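The values are calculated or read from the model by the stated rules, or taken from the named source; none is laboratory data. Treat the numbers as computed from the prediction; the structure is a model and nothing was measured. We place every Cβ from the backbone using ideal geometry, glycine too, and count neighbours over all the protein chains shown. Each accessible area value is taken on the protein alone, full model and side chains, heavy atoms only, with ligands, DNA and RNA left out. Shrake-Rupley method; radii C 1.70, N 1.55, O 1.52, S 1.80 Å.
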Amino acid sequence: MGMLEGKNALIFGVANKRSIAWGITEAFLREGATVGLSYAGEVLEKRVFPLAEEAGIDFVEQCDVTSDEQIDTLFAKAKDRFGTLDIVVHAIAYAPGEDLGGRFRDISREGFKTALEISAYSLIPLARQAAEMMPNGGSIMALTYYAAEKVMPRYNVMAIAKSALENIVRYLATDLGPQGIRVNALSPGPIKTLAAAGVPGFRLMLHYAEKIAPLREGVTQEDVGNVAAFLASDGGKMITGETIYIDGGYHVLGLTIPEDELED
Ligand code: NAD
């Protein structure tokens, strides 16, 4: 019997097969969950619909998280379809290209607002609506990155958004904890996806993360999916407000010089 048998999950952020949200979807299906998907906009339909169909997912609904109306409509449809929810995954991030890379001091007011609204604030209305559908408690999780805590080259405005997101996770965990709803952040190392391609120099970050991390291996969508499934399962029932690293141990390092470049 799968770890998530009998549980209903709503997953935000599948853009294509490479999306971390898709890795999580596959793990949830494997563990027996019933999964619904929400995607950002029409341009993604030709990628998301076939993936969902192949996996036997019949709830695939659009929701741009900048619109309260679309969020309301999406959850009304989810209520009709699922009745109650046990798991919600937020795997959403966006920043205008010009505010990633370049000089940190040049981050624009508009870019800041957009990045923070989509990548951080959106977790709040999603969690509020999800909580209404979680009478038996539940597990809400969001995807973050280590740049929230330590400076990463070029991550700029997205780093600020991730710091906000991690703090929102802690406050939501405190707010919703008495209802048995857990809220956590998953923090994977770099993975090649559509969003990652928007970070200038990402290829090099990926290369060094694999070379330097204690486990000397790149993280995959499947790795994230497996941790998400555990966290959503009853096994994770006392974990909340946490940032969980899935990065081969990279975050414990102080000095990040590859072994072969260290001189005696
Ligand atoms: P991705 O491009 O596959 O996913 C990002 C998703 O955000 C897309 O599905 C996109 O449609 C959605 N999105 C953007 N604007 C939206 C809006 N207004 N409304 C609704 N959805 C919107 O890339 P990914 O790497 O799988 O990203 C998923 C999450 O994982 C993001 O939060 C990202 O920051 C985080 N993350 C990624 C990495 C990595 O290296 N890829 C590492 C750590 C954390």
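Quick notes on this one:
- Of all residues in region 44-66 being assigned to a helix (DSSP H, G or I) and within 9 Å of the ligand (Cβ to nearest atom), the one that is farthest from TRP22 (Cα to Cα): LEU44
- Reported count of residues in region 131-149, each being part of a loop (DSSP other than H, G, I, E, B), open to solvent by less than 20 Å² (accessible area, probe 1.4 Å) and within 13 Å of the ligand (Cβ to nearest atom), is 1.
- Residue within region 70-86 that is at pLDDT below 95 and open to solvent by 90 Å² or more (accessible area, probe 1.4 Å) present: no
Each row is one residue, and each column tells you yes or no for (1) in contact with a Phe, Trp or Tyr (Cβ under 9 Å, 6 or more places away or on another chain); (2) modelled with pLDDT of 95 or more; (3) farther than 23 Å from GLY189 by Cα; (4) not in a strand (DSSP E or B).
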position: MET1; (1), (2), (3), (4): no, no, yes, yes
position: GLU5; (1), (2), (3), (4): no, yes, yes, yes
position: ALA15; (1), (2), (3), (4): yes, yes, no, yes
position: TRP22; (1), (2), (3), (4): no, yes, no, yes
position: GLY32; (1), (2), (3), (4): no, yes, yes, yes
position: GLY36; (1), (2), (3), (4): yes, yes, yes, no
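- Residues of region 98-113 that are assigned to a loop (DSSP other than H, G, I, E, B) and open to solvent by less than 90 Å² (accessible area, probe 1.4 Å): LEU100, GLY101, GLY102, ILE107, SER108.
- Some residue of region 150-162 being open to solvent by less than 50 Å² (accessible area, probe 1.4 Å), aliphatic (A, V, I, L, M) and not in a helix (DSSP H, G or I): yes
- Meets criteria (more than 10 Å from the ligand (Cβ to nearest atom) and open to solvent by less than 80 Å² (accessible area, probe 1.4 Å)) for LEU176: yes
- Qualifying residue in region 233-242 (condition: surrounded by fewer than 19 Cβ atoms within 10 Å (Cβ to Cβ), farther than 18 Å from ILE87 by Cβ and either within 12 Å of the ligand (Cβ to nearest atom) or in contact (Cβ under 8 Å) with a residue 40 or more places away in the chain (or both)): no
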